[in-house]
Amino acid sequence: MTASRSGPGSSVTTLARDGNAGVFGGGVNGEAGATLAIAGYGLATAAWQLMLACLLFNALETAGTIVWATVKQHHVPSAMLGRVSSLDWLISIGLLPISFALTAPVAGVLGVRATLVGAGIVGGAITLAALFLPGMRDIEDVQGPQGAVLGPKRTVASTN
């Protein structure tokens, strides 16, 4: 049985089949899992459950961030890396006030637990769904250095 590398669930199916979800897909799966782990905060009823949710969130977030930084450094030309990283952080941090502004009213209507569970499920689903946008996983189809599935190797021009 084979699975398409671009169909829904392909990262999970590929991982189960041959142990490789692709570097980029694995990173996005890690980020989606971290976002889903936020639901654990809403479901927890004891301190140890909160600690487990926190551990899961931080482990998956760290793995996803490492993959994202690696993929970004591998594919973005050196001369543009600072600008791309700045834009990445600007968008990520710049959207936080919107999140903060929406969280309290939603929690007031739905309750804190339901808001955390809903944020984890909806956020995780949206993050995972991004894998299936056209072209999102194209970088996985090209062999990088030493056979790593990262895409074309970036070359740095010499200034000599």
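Quick notes
- Matching residues in the range 69-106 - criterion: being among the polar types (S, T, N, Q) and more than 29 Å from Gly118 (Cβ to Cβ): Thr70, Gln73, Ser78, Ser85, Ser86
Rundown of residues vs (1) under 20 Å from Gly123 (Cα atoms); (2) touching a strand residue (DSSP E or B) at 6+ places or on another chain (Cβ under 9 Å); (3) surrounded by fewer than 14 Cβ atoms within 10 Å (Cβ to Cβ), yes/no style:
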site	(1), (2), (3)
Trp48	no, no, yes
Ala53	yes, no, no
Trp68	yes, no, no
Lys72	no, no, yes
Leu81	no, no, no
Leu87	no, no, yes
Leu96	yes, no, yes
Leu102	yes, no, yes
Val106	yes, no, no
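- Some residue of the range 75-84 being in contact (Cβ under 8 Å) with a residue 24 or more places away in the chain and in a loop (DSSP other than H, G, I, E, B): yes
- Of all residues assigned to the range 5-17, at least one qualifies as being under 15 Å from Gly124 (Cα atoms), modelled with pLDDT under 90, assigned to a helix (DSSP H, G or I) and of a type outside the set (Phe, Trp, Tyr).
The values are calculated or read from the model by the stated rules, or taken from the named source; none is laboratory data. Note that this is a predicted model, so its numbers are computed, not measured. All Cβ positions, glycine included, derive from the backbone under ideal geometry; neighbour counts span all protein chains shown.
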